[in-house]
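Remarks on the structure that follows.
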Amino acid sequence: MEPEEARALVRSTGLAGWQIQGRWDPLMVVRAEGSRFWDAQGREYLDFSSQQVAANLGYGNRSVTEALVAQARQLPYLSPSFASPIRAELCRALGSVVPPGLHHYFFSSSGTEANEAALKMARGGTQRRRVVARTRSYHGSTAAALSVSGDLRRRTVEPTQSVAGTVFAPDCYCYRCPFGLEYPSCGVACAEYVDELIERTGDVAAMIVEPVVGTNGVLVPVPEYLPKIRAITRAHDVWLIADEVMTGWGRVGEWFAVDRYGVVPDLLTTAKGLTGAMAPLGLTAASDRVVAAWQDRYLPIGHTYEAHPLTLAPAVAAIGEYRRWDLLAKSRRDGDYLLQRLREIQTRHVSIGEVRGLGLFAAVELVRNRATKAPFNTEEDRRNGRPLVAEAVARAMMAEGVYCMAWVSHLIVAPPLIIDRDELDRGLEVLDRALAVADAESEERPG
């Protein structure tokens, strides 16, 4: 099949998630290697966002590929009611990387399913109905996971499908503090608010957080925030769920973001980088406390592809590759360099309100006016298909051979952890030039 024929067939028959269907016009990608991918015309692109912050190991990792092929030859599928050698290998490998005490594992097919399972375990295990989530969160596309998400995707489906019981707390978002306060004199009011919220709401089973908010802006909390949240949830006997779907697997310079804050949740969910995105695997890791609540009760989770051998084998290999390449330390080093360079770029562009990040996970927030912090676009603009300035910047980068993820009014810079310094510099140079598109739309005049 010719490339254009194939692209037309995908476009005419495929249903694209989170897209206005009539406007979907996908690029035909035919191969990938390292930190780059190529389209059907042979044009090369540097991946500056690991696709959807997932391809942490880049593309074509030989060890992960060989593990997948070997497993396909030996045991390609098994009902989850059986044990297998590869399941045992992965459980042993996870025991050395997840936070201490989280040594009970449920394997699913995505981060969404991992969160769905965690929510079901928390509500059923505590026999309480409500969950505290945050206003800028995203936890997945299925009913319960989407109901605890704070962004436009929940509001899009809420009129027709939702799970009741979520109460929302503000994020730790110092650039746009919902209380109008400043750190550190604020006393971390966004965390203290949760104490009152749980007390006054009652019937709270769990609080779910992205330790560093992902798609909705890479919101890095102040050092005290997560420890305070952990102390508050523990005082109220509320289970804490850490959604590490994006932030896990070296993305922020540790195995998991909670490790950077010295916090151990009751449940941890992850996916994406668990296999380097080379197989669809989700993980829900639970503490003894969680499992004790179900020890003599029927646990209502599971599906056909639970603990699928072809997803477990790449995960074992991927954990080995993170270690072999010392990618956690590399993420910390490169992350410091990335943030330094982004701050330099910020000084040249009136359209940048803030840059922030942790490890190789950063955001460039675009604003129409730096004094008022007015964004170029809103979530409603995206939902209604209006032109977005951030997407215009991303298109300008794509025209120069760099793919960067845009969402509403910010860009997400999260390249594969294997990216080399020359590639990182090239991506940043292209970003620097492309930001002229946003500067031209600013209420301020460049330079």
Inset, instruction - Consider only pairs whose beta carbons are under 6 Å apart and that are at least six residues apart or on different chains; among these, list those whose first residue lies in segment 116-136 and is without any contact (Cβ under 8 Å) to a residue 12 or more places away in the chain and whose second residue is buried (at least 18 other Cβ atoms within 10 Å of the Cβ) and not in a helix (DSSP H, G or I). - result: none
Legend entry - Residue that is nearest to Arg176 (Cα to Cα), among those in segment 367-407 that are assigned to a strand (DSSP E or B) and within 20 Å of the chain's Cα centre (by Cα): Trp407
Inset, instruction - Specify which of the listed residues (Ser137, Ser147, Ser185) is in contact with a helix residue (DSSP H, G or I) (Cβ under 7 Å, 6 or more places away or on another chain) and in the same structural domain as Trp239 (by TED's automatic domain parsing). - result: Ser147
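Return yes or no: is Ala438 over 30 Å from Trp325 (Cβ atoms) and aliphatic (A, V, I, L, M)?
Working: over 30 Å from Trp325 (Cβ atoms): yes; aliphatic (A, V, I, L, M): yes.
Judged against the criteria, Ala438 is a match.
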Legend entry - segment 166-190, residues that are under 20 Å from Val131 (Cα atoms) and crowded, with 18+ Cβ neighbours inside 10 Å: Thr166, Ala169, Pro170, Asp171, Cys172, Cys190
Inset, instruction - Tell me which residues, restricted to segment 105-125, are buried (at least 24 other Cβ atoms within 10 Å of the Cβ) and outside any strand (DSSP E or B). - result: Gly111, Glu113, Ala114, Asn115, Glu116, Ala117, Ala118, Leu119, Met121, Ala122
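Here is a yes/no grid of residues against (1) in contact with an Asp or Glu (Cβ under 6 Å, 6 or more places away or on another chain); (2) in a helix (DSSP H, G or I); (3) surrounded by fewer than 21 Cβ atoms within 10 Å (Cβ to Cβ):
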| residue | (1), (2), (3) |
| --- | --- |
| Pro265 | no, no, no |
| Leu274 | no, yes, no |
| Val290 | yes, yes, no |
| Pro300 | no, no, yes |
| His303 | no, no, yes |
| Ala307 | no, no, no |
| Pro314 | no, yes, no |
| Ile319 | no, yes, no |
| Ala329 | no, yes, yes |
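Every residue, every condition in (1) touching a strand residue (DSSP E or B) at 6+ places or on another chain (Cβ under 9 Å); (2) outside the structural domain of Asp381 (by TED's automatic domain parsing), yes or no:
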site: Ile20; (1), (2): no, no
site: Arg31; (1), (2): yes, no
site: Gln52; (1), (2): yes, no
site: Leu75; (1), (2): no, yes
site: Ile86; (1), (2): no, yes
site: Leu94; (1), (2): yes, yes
Inset, instruction - Would you mind stating whether Pro227 is assigned by TED's automatic domain parsing to the domain that holds His303, of a type outside the set (Phe, Trp, Tyr), in a loop (DSSP other than H, G, I, E, B) and modelled with pLDDT of 95 or more? - result: no
Legend entry - Test result for Gly335, crowded, with 19+ Cβ neighbours inside 10 Å and either of a type outside the set (S, T, N, Q) or in the same structural domain as Ser49 (by TED's automatic domain parsing) (or both): yes
Inset, instruction - Check segment 66-86 and report whether any residue there is within 24 Å of Leu240 (Cα to Cα) and outside any loop (DSSP other than H, G, I, E, B). - result: no
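Among the residues of segment 128-156, write down those that are touching a strand residue (DSSP E or B) at 6+ places or on another chain (Cβ under 6 Å) and not in a helix (DSSP H, G or I).
If we filter segment 128-156 for residues that are touching a strand residue (DSSP E or B) at 6+ places or on another chain (Cβ under 6 Å), which is where we start, we get 128, 130-136, 139, 147-148, 150.
Listed by number, the residues that qualify are Arg128, Arg130, Val131, Val132, Ala133, Arg134, Thr135, Arg136, His139, Val148, Gly150.
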Legend entry - Close pairs (6 angstrom Cβ cut-off, 6 or more residues apart or separate chains): under 22 Å from Gly140 (Cα atoms) in segment 224-244, of a type in the set (Phe, Trp, Tyr) and surrounded by 17 or more Cβ atoms within 10 Å (Cβ to Cβ) anywhere: Leu226/Tyr261; Glu244/Phe256
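Assess whether Ser63 counts as being in contact with a Pro (Cβ under 7 Å, 6 or more places away or on another chain) and either closer than 30 Å to Gly427 by Cα or touching a residue at least 12 places away in the same chain (Cβ under 8 Å) (or both). Before the answer, list the steps.
On the way: in contact with a Pro (Cβ under 7 Å, 6 or more places away or on another chain): no; either closer than 30 Å to Gly427 by Cα or touching a residue at least 12 places away in the same chain (Cβ under 8 Å) (or both): yes.
Taking the combined requirement at face value, the residue does not satisfy it.
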Legend entry - Only listed residue being among the charged types (D, E, K, R) and under 23 Å from Arg230 (Cα atoms), chosen from Arg73, Arg130, Arg87, Arg153: Arg130
Inset, instruction - Please work out which one of (1) touching a Leu at 6+ places or on another chain (Cβ under 7 Å); (2) loosely packed, with under 11 Cβ neighbours inside 10 Å is the condition Ile86 fails and give its number. - result: (2)
Inset, instruction - Could you please let me know if Val222 is touching a Cys at 6+ places or on another chain (Cβ under 9 Å) and surrounded by fewer than 23 Cβ atoms within 10 Å (Cβ to Cβ)? - result: yes
Legend entry - Criterion (free of Cβ contacts under 8 Å to residues at least 40 places away in the same chain and either under 20 Å from Ala55 (Cα atoms) or of a type in the set (Asp, Glu) (or both)) met by exactly one of Asp326, Asp288: Asp326
Legend entry - Among the residues listed as Ala143, Ala169, the single one being among the aliphatic types (A, V, I, L, M) and touching an Asp or Glu at 6+ places or on another chain (Cβ under 9 Å): Ala143
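This table checks each residue for (1) within 24 Å of Asp420 (Cβ to Cβ); (2) surrounded by 10 or more Cβ atoms within 10 Å (Cβ to Cβ); (3) β-branched (Val, Ile, Thr).
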| site | (1), (2), (3) |
| --- | --- |
| Gly22 | no, no, no |
| Gly34 | yes, yes, no |
| Phe37 | yes, yes, no |
| Gly42 | yes, no, no |
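The values are calculated or read from the model by the stated rules, or taken from the named source; none is laboratory data. On a predicted model such as this, the values are computed, not experimentally measured, just so you know. Quick reminder, even Gly has a Cβ in these numbers, built from the backbone with ideal geometry, and neighbours come from all protein chains shown.
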